[in-house]
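The values are calculated or read from the model by the stated rules, or taken from the named source; none is laboratory data. For clarity, every value in this text was computed on a predicted model and none was experimentally measured. Cβ: placed from backbone, ideal geometry, glycine included. Neighbour counts: every protein chain shown. Heavy atoms of the whole protein, side chains included, go into the accessibility calculation; ligands, DNA and RNA do not. Shrake-Rupley method; radii C 1.70, N 1.55, O 1.52, S 1.80 Å.
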Amino acid sequence: MVKIKEWADRNLQGDKVIWAVVFALSTISILVVYSSIGTLAYKRAISPEWILIKHTFTVLAGLAAMWFAHRVDYRYYSRISKIALWISIPLLIYTFTNGVSLNDAARWISIPIVGSFQPSDFASLALIVNLASMLSKRQQNIDDIKESLIPILFWCGMICGLIALTNLSTAVLLLITCMLIMFIGRVPTKYLAMLVFVGVLFGALAVKFGVRGETAKHRIESFIKGTELPFQAQHARIAVATGGVLGKGPGNSDERNILPHPYSDFVYAIVIEEYGMIGGIVVLVLYLVLLHRGMKASYNSERAFGGLLSAGLCFDLVCQAMVNMGVVVGLGPITGQPLPLISMGGTSMVFTGLSIGIVLSVSRGELDQHWQQQTGGEEKEEKQKEPKNVAAKVAA
């Protein structure tokens, strides 16, 4: 035990509670996905064990991405975020024009060797990092429309608008995350209202011209009016209702063979059906703990960039989880959002790992000697431009 603890202290740096939450959710993912892939294996004429092995490797890839990301000082990500944003634009446009349809949605592109890749995950991470970077560098002139507001609105509108063409729900969640980061970054309320206007404008265009705009419009109208309950929603509620307090037990779900995509969009329904209300609450609490620890890392960060970055990434992940769980229990229209760290999916798992790894990098605290040697005089200049953690000031 002593050697294990020494190894963990040496290799798993940052907030240990976040590490524990990720390992717990990853374990739940393997158990629940294995229980829900029977129909998928039958359709593909392969064994469930083969899909399980593939999913396990995907989980390990996400953990590896998290480990590598947490070993890098988080301020390096500020330098590459702008490049990542420019790369994401042609990727999102290509997805809109030539996207591959998977799970009844054209949100992916096919890349040789890599396979299916979802550019919206890449673009969302790039935007959150770059927005945190822009705000941290503009704290002294945050009211300047030309220097501060226009670049922020341009990137938020551009990325969210392009994502909305193929994935409206992700675009809405990303826009809400951007508003939170801007609020913590002391952006005046009138500018936040302008961002809402931009979001509504792009959302209307996405519904009109997007790949699945009519489907999104129909789902929202059906939810508001309470009519034409979709097939997925019906059986998700059946799974929740029959799960009881303790559930039917691992591998005993009935709805896993009826629900479309029980291993991704509706995996939370399988969690409740097999592990009951207790299991559902445990998963919910794990996400709330992740949000709490991420916000704690944000509060403790000595720099505005670290605070804004940690708050934005954690809020984005947990908000996505809440939307997924809300859909399952009937609190919102069907969105197609996966459950982070649990749902089966390659791109989502890897980029979720990267996001949490960056939060862990923020939580590591003081910079090491290597970073100081690399930055030299630039470090002193940046200290003058960037005040102490803005998130901590707002929280106070």
Practice task
When a/c is below 1.5 the answer is rounded, else prolate if a/b is larger than b/c, else oblate, so apply that to the range 60-204 with a ≥ b ≥ c taken from the square roots of the Cα gyration tensor eigenvalues.
Solution key: oblate
Practice task
Could you sort out which of K82/K146; K137/K190; K16/K296; K16/K82 sit more than 22 Å apart by Cα distance in this structure?
Solution key: K16/K82
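Expressed as a whole percent, how much of the Cα-Cα distance distribution for the range 7-111 exceeds 25 Å?
Counting pairs separated by more than 25 Å, the tail of P(r) holds 47 percent.
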Fill in the blank from the handout: Plugging the Cβ-Cβ distance of I176 and N257 into 1/(1 + (r/R0)^6) at R0 = 35 Å yields, to the nearest 0.05, a FRET efficiency of 0.50
Practice task
Subtracting the Cα-Cα distance from 0.36 nm times the residue separation, let me have the gained length for A204 to A45 in nm, one decimal.
Solution key: 53.1 nm
Exercise for the section: Heads up, I need the accessible area for K16: 1.4 angstrom probe, whole protein in place, Å², nearest 10. Expected result: 90
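Subtracting the Cα-Cα distance from 0.36 nm times the residue separation, let me have the gained length for K54 to A84 in nm, one decimal. Walk me through the numbers before you get to the answer.
Values: separation 30, 0.36 × 30 = 10.80 nm, distance 2.80 nm.
Additional length available on full extension: 8.0 nm.
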Practice task
Ignoring everything but the protein chains, give the 1.4 Å probe accessible area of Y94 in square angstrom, nearest 10.
Solution key: 110
Problem - Fully extended contour minus Cα-Cα distance, from I30 to A64, at 0.36 nm per residue - result: 10.6 nm
Completion exercise
Taking the convex hull of the alpha-carbon atoms of the range 255-348 and averaging its shadow over every direction gives an area in square nanometres of 6.6
Completion exercise
The FRET efficiency for E302 and F231, from their Cβ-Cβ distance with R0 = 45 Å and rounded to 0.05, is 0.30
Practice task
Keeping all protein chains in position, work out how much accessible area T97 exposes to a 1.4 Å probe, and write it in Å² to the nearest 10.
Solution key: 90
